[in-house]
1. Kindly state, to the nearest 0.05, the FRET efficiency for residue B:83 paired with residue B:44, given R0 = 22 Å and r defined as their beta-carbon distance.
2. Summarise the partner chain shielding of A:44-57 as one whole number: the mean count of Cβ atoms from other chains within 10 Å of each residue's Cβ.
3. Can you compute the modelled spin-label distance between residue B:100 and residue B:63, with each label point 7 Å from Cα toward Cβ, in nm?
4. When Cβ neighbours within 10 Å are restricted to other protein chains, what is their mean count per residue of peptide A:101-107?
5. I need the Debye-formula profile for chain B: one equal scatterer per C-alpha, no solvent, reported as log10 I(q)/I(0) at q = 0.11 1/Å, two decimals.
6. Sort B:47, B:12 so the one with the fewest other Cβ atoms within 10 Å of its own Cβ comes first.
7. For a quick check: sort A:58, A:78, A:105, B:57 by the number of other beta carbons within 10 angstrom, fewest at the front.
8. Based on other C-beta atoms within 10 Å, arrange B:53, B:82 from fewest to most.
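FYI, it's all coordinate maths here, none of it is from the lab. Please read all numbers here as calculations on a predicted model, not as lab measurements. Neighbour counts are summed over all protein chains in view; Cβ atoms, including those assigned to glycine, are modelled from backbone coordinates with ideal geometry.
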């Protein structure tokens, strides 16, 4: 079965500094990868996806993600973090077997003013 | 507003009771997915429906059931509730296969006392 791993529970970053949230994947076949963000008491919001094409994917709110096939990674990045970026971030992969998205455990991002 | 509507937003009920959570998918979406989010289990896939038919089943308890109606709205029924069923329940929808990712509702927070 397809799966993703988000190795860090929490990422702390100072406002204005670059933000990276890590995700590695395990798939058989071509990966379909996604990033979602969840603000407190809200549902998950789509940020970006990788299906095919350029390894650097640009998404909402200034986020981007780099697909690296050799390292089986899909890290989420933002050049300059804002306090408002503080939220829970989920990486997900499409599971071919049952056509659903399998989510990682999530990373809490805390941007310190 | 994501276009996916979940009701109610909050639900408090006693152990042993039965509740029904409702989801209206985004206009044009045929697939509905139910997820459970708890602190210790993360985001767990429960079940998927596509155009009225069950498509995939995840970690859904036998006490739980769901259905999708001809107008494509879906209901998740939780019975014989236990304290451990307290969680956020999310509904998501997609056009068909989910290649494009999901659109999530804002969730129903269930508290079992």
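1. Details: r = 17 Å, r/R0 = 0.77.
So, using R0 = 22 Å, E works out to roughly 0.85.
2. On the way: counts 13, 3, 7, 1, 1, 3, 0, 3, 0, 0, 0, 0, 0, 0.
Average per residue, whole number: 2.
3. 3.8
4. On the way: counts 10, 3, 6, 2, 3, 3, 0.
That works out to 4 on average.
5. Log10 I(q)/I(0), no solvent term: -0.30.
6. Details: B:47 23, B:12 11.
With the sparsest Cβ surroundings first, the list reads B:12, B:47.
7. Numbers: A:58 10, A:78 21, A:105 16, B:57 13.
Sorted ascending by nearby Cβ count, the order is A:58, B:57, A:105, A:78.
8. Values: B:53 9, B:82 12.
Least to most surrounded, the residues fall as B:53, B:82.
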